[in-house]
Amino acid sequence: MSWVCSACEAENDASRDQCECCDEPRPCGATAPPAASIDDAYRGIKVGLVLAEPEAIAGKAKLFEVKIDVGAAEPISVITNATNVKAGLKVVVATIGAEVNGEEIKKCVVGGRPSFGMLCDAPMLGWVGGGAGAAVTLGDEFEIGSRPPASRPRKG
């Protein structure tokens, strides 16, 4: 039976004593998430707050490191090529363990730096409207760490 890390919410194989993504120790009695959340298309996809201006990665044209608060104990670092991201924006983030377009999001190294998630664009979420490659941005009414809405919010 798998278990879910309380620090980063990554799902881990039952044989692991530490989280594959963040090395957090396995808590006593940790179990798999409830079946309803496993089937949820937005499992692991969260509203996050961009904490600082994206940092360009030297020698890697068009790649930026972004620090994002997704409601976990610590902010996560995401490497992206989305150019519409700036400090103070709320964005949609697929965290480690989420599934986007049939692919599980895993910790990886992009441009020589670790990335602990991925910024989502509208097509990744199945939303109508919004461009591919542009990070989805949300209004202040969306709570950090919550799930994004099921469809693109109307701005009015």
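Of the residues 78, 100, 85, 92, which is in contact with a helix residue (DSSP H, G or I) (Cβ under 8 Å, 6 or more places away or on another chain) and modelled with pLDDT of 90 or more? Write out each step before concluding.
On the way: 78 fails: in contact with a helix residue (DSSP H, G or I) (Cβ under 8 Å, 6 or more places away or on another chain); 100 fails: modelled with pLDDT of 90 or more; 85 fails: in contact with a helix residue (DSSP H, G or I) (Cβ under 8 Å, 6 or more places away or on another chain).
Selected residue: 92, the only one of 78, 100, 85, 92 that is in contact with a helix residue (DSSP H, G or I) (Cβ under 8 Å, 6 or more places away or on another chain) and modelled with pLDDT of 90 or more.
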Would it be correct to say that residue 52 is of a type in the set (Gly, Ala, Ser), touching a residue at least 24 places away in the same chain (Cβ under 8 Å) and open to solvent by less than 40 Å² (accessible area, probe 1.4 Å)? no
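Considering only region 20-29, I want to know if a residue exists there that is modelled with pLDDT of 90 or more and either under 11 Å from the mean Cα position of the chain (by Cα) or open to solvent by less than 60 Å² (accessible area, probe 1.4 Å) (or both). Quick ask: steps written out before the conclusion?
Looking only at region 20-29, we keep the residues that are modelled with pLDDT of 90 or more, and these are none.
Checked against the condition, which is being modelled with pLDDT of 90 or more and either under 11 Å from the mean Cα position of the chain (by Cα) or open to solvent by less than 60 Å² (accessible area, probe 1.4 Å) (or both), region 20-29 yields no hits at all.
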Given (1) touching a residue at least 12 places away in the same chain (Cβ under 8 Å); (2) closer than 20 Å to residue 6 by Cα, residue 104 misses just (1)
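Could you list, in sequence order, the residues of region 63-99 that are in a strand (DSSP E or B) and surrounded by fewer than 18 Cβ atoms within 10 Å (Cβ to Cβ)?
Within region 63-99, 77, 99 qualify.
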Spot the failing condition for residue 40; the list is (1) part of a loop (DSSP other than H, G, I, E, B); (2) acidic (Asp, Glu); (3) over 17 Å from residue 149 (Cβ atoms), and only one is missed. (3)
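Does region 1-18 contain at least one residue that is at pLDDT 85 or above, among the β-branched types (Val, Ile, Thr) and either open to solvent by 20 Å² or more (accessible area, probe 1.4 Å) or in a loop (DSSP other than H, G, I, E, B) (or both)?
Going through region 1-18, the residues at pLDDT 85 or above turn out to be none.
Looking through region 1-18, none of the residues is at pLDDT 85 or above, among the β-branched types (Val, Ile, Thr) and either open to solvent by 20 Å² or more (accessible area, probe 1.4 Å) or in a loop (DSSP other than H, G, I, E, B) (or both).
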Region 122-135, residues that are in contact with a strand residue (DSSP E or B) (Cβ under 9 Å, 6 or more places away or on another chain) and either over 19 Å from residue 84 (Cα atoms) or at pLDDT 90 or above (or both): 135
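Would you mention how many residues in region 100-125 are outside any strand (DSSP E or B) and open to solvent by 10 Å² or more (accessible area, probe 1.4 Å)? So that I can check it myself, show each step before the final result.
Within region 100-125, the subset outside any strand (DSSP E or B) is 101-102, 105-107, 111-112, 116, 120-125.
Among the residues that remain, those that are also open to solvent by 10 Å² or more (accessible area, probe 1.4 Å) are: 101-102, 105-107, 111-112, 116, 121, 123-125.
The qualifying residues number 12.
The values are calculated or read from the model by the stated rules, or taken from the named source; none is laboratory data. All figures in this text were calculated on a predicted structure; none of them were measured in a lab. Note: ideal-geometry Cβ built from the backbone for every residue, glycine included; neighbour counts use all protein chains shown. We work out accessible area using only protein heavy atoms, side chains counted, and drop any ligands, DNA or RNA first. Shrake-Rupley method; radii C 1.70, N 1.55, O 1.52, S 1.80 Å.
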